[in-house]
Structure formats: C-alpha cells, structure tokens
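Colleague: Let me give you the structure first, and then I'll get to my questions.
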Amino acid sequence: MGVEVDTKEFKLKPMKCEFNFLSKSDGSAILSQGETVTLVSVNGPLDIKMQSQSIEKSTLEVLFCTKGGKPSVADRYKESIIKQTCETAILGSLYPRSGITVTIQELEDYGGLLSCALNCTCLALLNSGLAMRFVFAAVSCAVDELGNIVLEPTQEQATSARALLNFVFESRNKNLLTGFSEGSYSESAYEEALERCRAASDLVFTFYRDIISKYSNVI
Amino acid sequence: MKASVGDVVLPGDYCEEISAVGEKAKVIIGPGLQKEIDHVYVTKAGILKKRNPNTYWVDNYQKRYIPARGENVIGVVVQKAGDIFRVDVGSSITAALSYLSFEGATKKNKPDVQIGDVVYAKMLVASKDMEPELVCVDSHGKKGRMGVLSDGFVFKCSLNLIRKILNPNCPLLESLKNEWPFELAAGMNGRIWIKANTMRETIALGNAILGAEYLSDEEIKSMCTNIATILAGHVS
C-alpha cells in the first residue's frame, strides 16, 4: 500500500448511458465505455421454482450473452464474477423466496468488456429500484511490456500487455469487492494498479450520481 | 458519502441528520433507508426527502411493485381457490382476497367475482415473509370505492407516475376532468384503470397520463389543452 495517487491525472474512457432502454423489464441500462457497449436487463423480485427458492434471501441468476450467441466456458466465468459481485451488493434478505434475474448482452467489445458489463449491471440495478448495500464500480488496467500501468487499456494495448487486472470497488469505503487478473506481474505493480484503480473508481461513482440526478428531479 | 435532505443519493450513502434526530425523538424511516449499527444507510437511488415530524424516505424510480400495508392496488383475479381468490397485483407472488372481505358477503351470499375480473382493493397484510392479503371493505365493513371494476381499460406504468398523478399538487387530473368526463382508479402497484364514454376519449386519457411522466406541471397543463383540442376535432 502507500502509493500516493493524484485523482486529477486520470481519464477513463468516455461513458454514455441510457436508462429504461428496454420497456418491459423492471430495470435496464445500456452503457458505452469508449467503444465497448453492453446492455443489461434486471427483473425481480420474481416468482421462481420451489427448488431454487431460499427462505432467507433472494436467488440471483446471471446470464451473459455474447454477440455471437454461442455460450462458452469463458462466459460462465464472467457470469460467476458478476453474480458474486451482485450478491454482495444487493440486499437479498429483503426479498426472501424470490428470484432476481440479471441478463447481460454484449453489443460491442473493444476491450474492457467485463468492467463495462459490471458497471452497466450496477446502473440497471439502480434503475430497477432493488435495495442495495452500496453501488460498485469496476475499473480495468494493464501492465505493459515495460512494467507501466495503463488504465482502461484499448484492445491493442490489452493484447500486447503482460498482465490485465480488473478491480471492483464498493462506494462506502472504497474497499475492494472483486479482483481478477491474468498474466504475470510483480507485487508492487499489483499494488500500484490497485491504488490507481481505486482513485479512478471515483470518476465512475461521480458518473452514477450525475445520471441519477438528471432524471430524479422530474419524476 | 454523507447526504442530507433534498440531495440525490445512491445506495451506500449515509445520513447523519437522521441519526442525530433519532437520539432525541422518534424517527420514521421509510422506503430506501435502512438502519445499521453505526448509521442510517440509503439503499435506493433517488432523492432523500423529509416530512415533519421526522419522517424520512427516498423517492426513487421503480417499476416492480413490492407490497406495502394500507396501499390501494388494482389486481386481476387469476384463480379461485377454496374460500379465497388469488389476485395478480404485479408483485413476486399473487395476493389472497377472501370471499368474505366484500361488502355484505356471507358464507351463503358469495360475491359475484369471476376469473379475469379487475379488482380495486386495499393491502391488509404485506410482509416479506408472507403472502399479501387484500380486502375490498374498510374497517366499517363498507366497500367505499373498492370492489370489482367493470368495463374500462387497464394499463401499466411506473410506480412514480402513480405517486405523481395522485399528488394533490399535480395539475394533470385537475386539467383533464374539466375537458371531458371519465372515471379513473390508480393502484399504487403501477396499474391504472380508466373508463370514458368513447374509445377516442379513453385512448386520449391513457396517452395523457403516460405522457405526463417526465413533464413539469406547466408542461402538463399545456399538454392537456393540446389533447383536448385535438379530441374536440379543431385540429386533425
């Protein structure tokens, strides 16, 4: 720890979002981070099969659909990451014996798909009005050949990078919720990346607040 | 992040004002707020509101209905089971409506309710652990305005829109009722039942209500006059 970072020097990819993109679902959001676009729909609390009901909390189901439509093992991995993150964020104990389904559709992938999907999921959950402990923000970064840390890498930077790290932070104390990485990196690089991403997550939280304030005043 | 009344809040924000007031007097925390060991935390995204004395809640956007005691709702009868009707009110499970909770109903004199009928009823029991229960009578055994809604047209909308049009300060119904006659029942579960003399009027009414969702009071007034002139045939 102990890496000093200045928030002002960061720039994330430009984010654009639209709520209620789907009219029939309980909550939906479409988010673009740079060129990467995902669409998330949240439905719930719903009636579900007796076998999958839990008497103490809602059952969360996450479905990830790729652009091609063919399910693969990599998608299951993404689903489990998103599911674990959502489970900590949603106050499921308020909706016992019910189900919540989150469906994520990849629309464009130009790097940083998973962090875009996570942020979009958070926005869709906010739109659906489900009770949550906190909001979460995902930030990705890459460690390049020289050991430098690049926030929100582009597709080319990501493929040439030595390692890719993704972090998800919660809004209360900016604690790490989820972290996953691929490739090889040093411990110091990991810690620097963590701190830089933590600082950059502020930008995502500010973005959430801006979006909510845009429509809150007219409803 | 700290939040105060009137702010835009996100889940995870906390309000020190509520905890401070809570030490001296009784505080009621409504939807979107939850007390934890150290603070009162926000659980929904919206605007933190306060009404005297010491009632706080978060006004948020929502489409899915979560049953709450005492609310008037519009539901569709989906099943007759023994001595209860099962009514779909849009929540995760159907609500139960007893045969006997109609005005003048007895074991022998059963109310005339068929599957598919639309009922306007009040939530008597609403808890997260139990099936919600509806009644069509008030505490004096009178039906008031509750009961089966015959004819008319039912449509769904967001829960905010219901709260908006039922707000006494909202000019929508005030302006519309001067233009042409109609009947309307708004359920807190995001369903509205309307009935007007002609199909044209019903459609115009429905569009006026749905169109008012993101409009300000002034815009609502001008929209109502617009719709009325189109309906009267002055503009085609």
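Colleague: Summing -39500 (n - 2.57) over the DSSP H runs of n ≥ 4 in the protein assembly as shown and dividing by its residue number, what mean residue ellipticity at 222 nm do you reach, to the nearest 500 deg cm²/dmol? All intermediate terms of the calculation are to be shown ahead of the outcome.
Modeller: Values: 9 runs with 124 residues, N = 455.
Result for the protein assembly as shown: -9000 deg cm²/dmol, rounded to the nearest 500.
Colleague: Further, regarding this structure: For residue A:159 and residue A:54 in one chain, what is 0.36 nm times their gap in residues minus the Cα-Cα distance, to one decimal in nm?
Modeller: Values: separation 105, 0.36 × 105 = 37.80 nm, distance 4.19 nm.
The residue A:159-residue A:54 span can extend by a further 33.6 nm.
Colleague: How big is the gap, in Å, between the Cα center of region A:180-210 and the Cα center of region A:135-169?
Modeller: Between the Cα centre of region A:180-210 and that of region A:135-169, the gap is 8 Å.
Colleague: Karplus couplings for region A:60-74 from phi (6.51 cos²θ - 1.76 cosθ + 1.60, θ = phi - 60°), rounded to Hz, Gly and Pro as x?
Modeller: Karplus-based 3J(HN,Hα) across region A:60-74 equals 9, 10, 10, 10, 10, 10, 7, 4, x, x, 8, x, 9, 5, 4 Hz.
Colleague: Let me ask something additional. Taking every residue in B:32-43, how many Cβ atoms of other protein chains lie within 10 Å of its Cβ, on average?
Modeller: Details: counts 2, 1, 4, 0, 1, 0, 0, 1, 0, 5, 3, 9.
Mean shielding by partner chains, rounded to a whole number: 2.
Colleague: Averaged across the residues of A:131-139, what count of C-beta atoms belonging to other chains lies within 10 Å of each residue's C-beta?
Modeller: Working: counts 11, 8, 6, 7, 5, 2, 0, 0, 0.
That average works out to 4.
Colleague: How much solvent-accessible surface does residue B:188 expose, in Å² to the nearest 10, with a 1.4 Å probe and all protein chains in place?
Modeller: Accessible surface of residue B:188 is approximately 50 Å².
Colleague: Could you give the dipole magnitude of chain B about its Cα centre, charging the beta-carbon of Lys and Arg +1 and that of Asp and Glu -1, in debye to the nearest 20?
Modeller: Values: 29 positive and 27 negative charges, 112 e Å.
For this selection, approximately 540 debye.
Colleague: Could you compute how much accessible area chains B and A hide from each other, both sides summed, with a 1.4 Å probe? Nearest 100 Å² is fine.
Modeller: Values: alone 13770 and 11350 Å², together 22300 Å².
Chains B and A together bury approximately 2800 Å².
Colleague: Which residues belonging to region A:186-219 lose at least 30 Å² of 1.4 Å-probe accessible area when the assembly is complete, relative to their chain isolated?
Modeller: In region A:186-219, residues shielded by partner chains: A:209, A:212, A:215, A:216, A:218, A:219.
Colleague: Next up: Which percent of the accessible area of region B:8-60 is formed by carbon and sulfur heavy atoms (probe 1.4 angstrom)? List each step's numbers first, then the result.
Modeller: Details: 1430 of 2660 Å².
Within region B:8-60, the accessible surface is 54 percent carbon and sulfur.
Colleague: Can you list the residues of region A:189-216 with backbone N under 15 Å from a point 7 Å past the Cα of residue A:176, pointing along Cα to Cβ?
Modeller: A:189-201
Colleague: Principal axis lengths of chain A from Cα atoms, whole Å, largest first?
Modeller: 54, 42, 31
Colleague: Could you please put B:83, A:75, B:112, A:109 in sequence from largest to smallest accessible area, using a 1.4 Å probe?
Modeller: Numbers: B:83 100, A:75 5, B:112 120, A:109 60 Å².
Largest to smallest exposure gives the sequence B:112, B:83, A:109, A:75.
Colleague: Leaving out ligands and nucleic acids, and using a 1.4 Å probe, what accessible area per residue does region A:10-216 come to in Å²? Don't skip to the answer; put the middle values down first.
Modeller: Values: 8830 Å² over 207 residues.
That works out to 43 Å² per residue.
Colleague: Kindly tabulate the residues in region B:203-236 with an accessible-area decrease of at least 50 Å² between the chain alone and the assembly of all protein chains, using a probe of 1.4 Å.
Modeller: Listed by number, the residues meeting the 50 Å² cut-off are B:214.
Colleague: Here's something else I'd like to know. Roll a 1.4 Å probe over the protein chains and send me the accessible area per residue for region B:1-92 in Å².
Modeller: 48 Å²
Colleague: Oh, and also: Among B:139, B:150, B:127, whose mean-square fluctuation peaks in a Gaussian network model of chain B (Cα, cutoff 10 Å)?
Modeller: Largest GNM mean-square fluctuation: B:139.
Colleague: Whenever you get a sec, line up A:140, A:160 from highest to lowest accessible area (probe 1.4 Å, protein heavy atoms). Kindly include the intermediate steps, with their values, before the conclusion.
Modeller: On the way: A:140 10, A:160 65 Å².
Largest accessible area first, the residues go A:160, A:140.
Colleague: What number, in nm² with one decimal, is the all-direction average of the projected area of the convex hull of the alpha-carbon atoms of region B:1-136?
Modeller: Working: hull surface 40.9 nm².
Result: 10.2 nm².
The values are calculated or read from the model by the stated rules, or taken from the named source; none is laboratory data. The structure presented is a predicted model; accordingly, all values stated were derived computationally and were not measured. Positions of Cβ are generated from backbone atoms using ideal geometry, with glycine treated the same way; all protein chains shown enter the neighbour counts. Ligands, DNA and RNA are excluded from the accessible area calculation, which covers all protein heavy atoms including side chains. Shrake-Rupley method; radii C 1.70, N 1.55, O 1.52, S 1.80 Å.
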